[in-house]
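The values are calculated or read from the model by the stated rules, or taken from the named source; none is laboratory data. Just so we're clear, the structure is a prediction, and the values are computed from it rather than from any experiment. Using ideal geometry, Cβ is built from the backbone for each residue, glycine included, and neighbour counts are taken over all protein chains shown. Please note that ligands, DNA and RNA were not included when accessible areas were found on the heavy atoms of the full protein model with its side chains. Shrake-Rupley method; radii C 1.70, N 1.55, O 1.52, S 1.80 Å.
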Amino acid sequence: MNLRFPFLSVCILAGAVGAASAQSYIDFEFIPGGAPTDGLLITNQFQPALGVSFILEDGSSPRLAQVGSPQTAFVGVGGADQPAPGVDLGQFFLTDDGMVGSPPPALLVTYDTPQYSARAEIIDIDGGEQWTVEAKDVAGNVIDTQVLDANGNGSATPFEFIFATPVIKQIRIAFTGTGSAIGLAFDNFLTASAGFGTGQVNSADAELRINGQGASGAGPFAVSLLVGNSLVLDWSGPPGLPVALLASGLNPGAAVVPCLGSIDLGTPPLFSDVQVVFDGSVFPQSLFATLSPIGRLVQTSSVPASAAGAVFAVQGLVFQPLGSPCSIVATTAFELHII
């Protein structure tokens with residue numbers, strides 16, 4: 001790959017098509033085809049892009065809840081639908097019927113394609129409350145179960161299933177505790193299909209986060225971007241040195257280069273389908289693609305309407321100081337879904 005290419009805009013790259021998603025993340029802060037609102041019914045809005053749908057076991061639909069009054073899910077720290085300090089609930093989460101009362105029907109989360117893993121959080125399990133989470137295969141068999149007991153007012157209690165092969169077809173979340181004022185609060189939903197955890201990790205030498213994702217673990221990471229919302233590239237590495245961004249189709253572990261790391265996009269051996277979005281080692285791109293004296297660069301742009309429907313992967317490169325063992329180190333990779 002020759003990095004000496006002119007600047008290419010993300011709009012041009014929107015036509016590139018990636019491979020199957022390696023990882024999908026839903027925090028309900030955006031909704032495909034619309035804006036999140038308190039009480040909005042959630043069914044199959046995420047299915048076209050991420051292959052996941054939601055329904056309650058009685059056939060009704062779950063809905064969004066917004067942090068704060070009116071109370072639709074729980075009484076937390078400081079009032080209605082308020083998480084404990086430090087809990088990353090954002091502004092929206094998924095609930096059942098929008099009322100606090102008798103135990104709700106179980107929430108069913110179904111995948112179009114079986115997954116390797118699934119992780120999410122349930123907020124505000126306290127008192128005698130308890131939730132039982134089951135992972136099911138394509139035949140409907142329960143292949144793993146986790147029981148979530150009381151964890152404190154407004155707290156976030158995670159569950160996670162991980163398998164060596166893609167076998168999770170559905171997640172069932174059912175209330176199995178005691179109490180009369182029950183409401184589901186479900187958020188930060190992460191699933192993984194082929195390729196998850198097999199690629200490059202971020203490091204102190206080369207780190208890229210996109211919209212907050214990529215902080216820990218091996219990539220690739222899938223990031224869903226709503227047209228009109230912000231795309232934030234947050235870089236870290238050696239002070240004053242340039243960064244470069246590559247784009248192509250996702251291909252975890254396409255090549256492992258000593259020192260550089262795992263190349264997780266494009267087609268080996270020549271990688272002729274990899275495009276250079278920008279290369280901070282050449283002028284004039286060096287004016288806006290170089291790390292600050294404290295080793296940080298944050299680039300923010302708005303996702304254009306013309307990019308809707310695009311799926312493509314990006315991966316960063318961070319240049320290293322003279323005399324370093326590596327002249328360039330790769331960051332983790334991301335698959336971007338524009339919806």
GNM top mover of Ala206, Ala305, Ala106 - the chain, alpha-carbon springs below 10 Å: Ala305
For the range 153-283: rounded, prolate or oblate by the Cα gyration tensor [a/c cutoff 1.5]: prolate
Test item: Cα-centred dipole of the chain, Lys/Arg +1 and Asp/Glu -1 on Cβ, debye: 980 debye
Residue among Gly183, Gly51, Gly199 with the largest mean-square fluctuation in a Gaussian network model of the chain, springs linking Cα atoms under 10 Å: Gly51
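Of Asp27, Asp149, which has the most accessible area with a 1.4 Å probe, and how do the rest follow in descending order? Please list the in-between numbers first.
Values: Asp27 35, Asp149 85 Å².
These residues rank, largest area first, as Asp149, Asp27.
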Per residue accessible area in Å² of the chain, where ligands, DNA and RNA are left out and the probe is 1.4 Å: 41 Å²
Of all accessible heavy-atom area on the range 37-140, the percent that carbon and sulfur account for (1.4 Å): 50 percent
Entry for Cα Rg over 2.2 N^0.38 Å (calculated from the structure that is shown) out of [x] 1.67; [y] 0.94; [z] 1.06: [z]
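In the range 188-333, what percent of the accessible surface is made up of carbon and sulfur (1.4 Å probe, ligands and nucleic acids excluded)? Intermediate values should be presented prior to the final figure.
Numbers: 3590 of 5770 Å².
Roughly 62 percent of what the probe reaches on the range 188-333 is carbon or sulfur.
What is the magnitude of the charge dipole of the range 88-130 about its Cα centre, with +1 placed on the Cβ of each Lys and Arg, -1 on the Cβ of each Asp and Glu, and no other charges, expressed in debye to the nearest 20? Write out the running numbers ahead of the final one.
Working: 1 positive and 8 negative charges, 33 e Å.
That gives a dipole near 160 debye.
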Area accessible to solvent at Ser60, 1.4 Å probe radius, in Å²: 50 Å²
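When a/c is below 1.5 the answer is rounded, else prolate if a/b is larger than b/c, else oblate, so apply that to the range 247-339 with a ≥ b ≥ c taken from the square roots of the Cα gyration tensor eigenvalues. Could you put the intermediate results ahead of the total?
Numbers: a/c = 2.11, a/b = 1.16, b/c = 1.82.
Oblate shape, in that a/c is at least 1.5 and b/c is the bigger or equal ratio.
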Nearest-10 value in Å² for the accessible area of Cys259, using the 1.4 Å probe: 70 Å²
13 Å reach of a label modelled at Glu57, 7 Å along Cα-to-Cβ, counting backbone N of the range 173-190: 173-177
Gaussian network model of the chain, Cα within-10 Å springs - most flexible of Ile122, Ile31, Ile294: Ile294
Positive-end residue, the chain charge dipole about Cα centroid, Cβ charges, pick of Gly177, Thr267, Ile26: Thr267
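Using the Cα centre of the range 174-295 as the reference point, and only Cβ charges (+1 on K/R, -1 on D/E), how large is the resulting charge dipole? Debye, rounded to the nearest 20.
Working: 1 positive and 7 negative charges, 23 e Å.
For the range 174-295, the charge dipole is close to 120 debye.
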In Å², nearest 10: area of Glu129 left accessible to a 1.4 Å probe: 30 Å²
3J(HN,Hα) from dihedral phi, the range 51-56, Karplus parametrisation 6.51/-1.76/1.60, rounded to Hz, x for glycine, proline: x, 9, 9, 10, 7, 8
